[in-house]
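To start, the structure under review is shown below, and the notes come after it.
FYI, it's all coordinate maths here, none of it is from the lab. Fair warning: this is a prediction, and the values are worked out from it, not measured in the lab. Cβ sites come from the backbone with ideal geometry, for glycine too, and all protein chains shown count toward neighbours.
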Amino acid sequence: MLTEIVTDQQLIDLYTTQGYLVAVDYPKKEVKLHTIDCMLADPISSVGVKPSKARENNTGEFWVSESRDEAVSKAEEIANNKGYTYTVCPICDR
Ligand SMILES: [Zn+2]
């Protein structure tokens with residue numbers, strides 16, 4: 001099931017679960033796929049995504065799924081609709 005993430009805490013609560021994060025960066029016109037345990041998908045990390053802030057400033061959106069296929073479909077759909085670049089994160093790709 002695909003769930004939209006709108007706060008940092010939602011993502012923090014999911015950290016120990018298996019799943020995938022679709023991170024959409026509006027200013028960079030980029031859609032990235034991460035595993036939920038990637039440091040770049042961790043709001044607590046200084047380099048991690050910040051859903052609360054992105055929501056507040058309208059600079060991005062985030063989706064989580066336990067299914068990689070579902071997450072990839074969503075990522076590709078957003079990338080196609082918006083004309084953004086879709087990439088799989090090189091750090092957590094596996
Ligand atoms: Zn990653």
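With the cut-off at 1.5 for a/c, could you classify the chain from its C-alpha gyration tensor as rounded, prolate or oblate?
Note, shape of the chain comes out rounded.
Taking 35 Å as R0, compute the FRET efficiency from the Cβ-Cβ separation of Ser45 and Asn80 and round it to 0.05.
0.75
Taking the Cα centre of region 20-94 as the origin, how large is its charge dipole in debye, to the nearest 20, when only Lys and Arg (+1) and Asp and Glu (-1) carry charge on their Cβ atoms?
280 debye
Return, ordered by residue number, the residues of region 25-49 whose backbone nitrogen is under 18 Å from a label point located 7 Å along Cα→Cβ of Ser73.
Only 33-34 fall inside the zone, counting backbone N under 18 Å.
Cβ neighbours within 10 Å, averaged per peptide: list 84-90, 51-57, 37-43, 69-75 in order, most packed at the top.
37-43, 69-75, 51-57, 84-90
Between Gln9 and Lys28, what is the spin-label point distance in nm, taking each point 7 Å from the Cα along the Cα→C-beta axis?
Modelled inter-label distance: 2.7 nm.
Which one, Val64, Thr17, Leu40, is farthest towards the positive end of the dipole of the chain when Lys and Arg carry +1 and Asp and Glu -1 on their Cβ?
Leu40
Report, by chain and number, residues whose modeled amide H sits under 5 Å from the one on Gly60, excluding near sequence neighbours (fewer than 5 apart, same chain).
HN-HN under 5 Å from Gly60: Tyr26.
Straight-line reach from Lys29: which lysines have Cα under 16 Å away, leaving out those fewer than 8 places along the same chain?
Hits, sequence-local ones excluded: Lys74, Lys82.
Give the relative contact order (percent, whole number) for region 2-94; include only Cα pairs under 8 Å separated by 6+ residues.
It rounds to 37 percent for region 2-94.
Under 13 Å from a point placed 7 Å out from the Cα of Thr59 along the Cα-to-Cβ direction: which residues of region 65-94 have their backbone N that close?
Zone members listed by number: none at all.
Once amide H atoms are built 1.01 Å from N in the peptide plane, which residues 5 or more positions from Glu30, or in another chain, come under 5 Å H to H?
HN-HN under 5 Å from Glu30: Asp25, Thr85.
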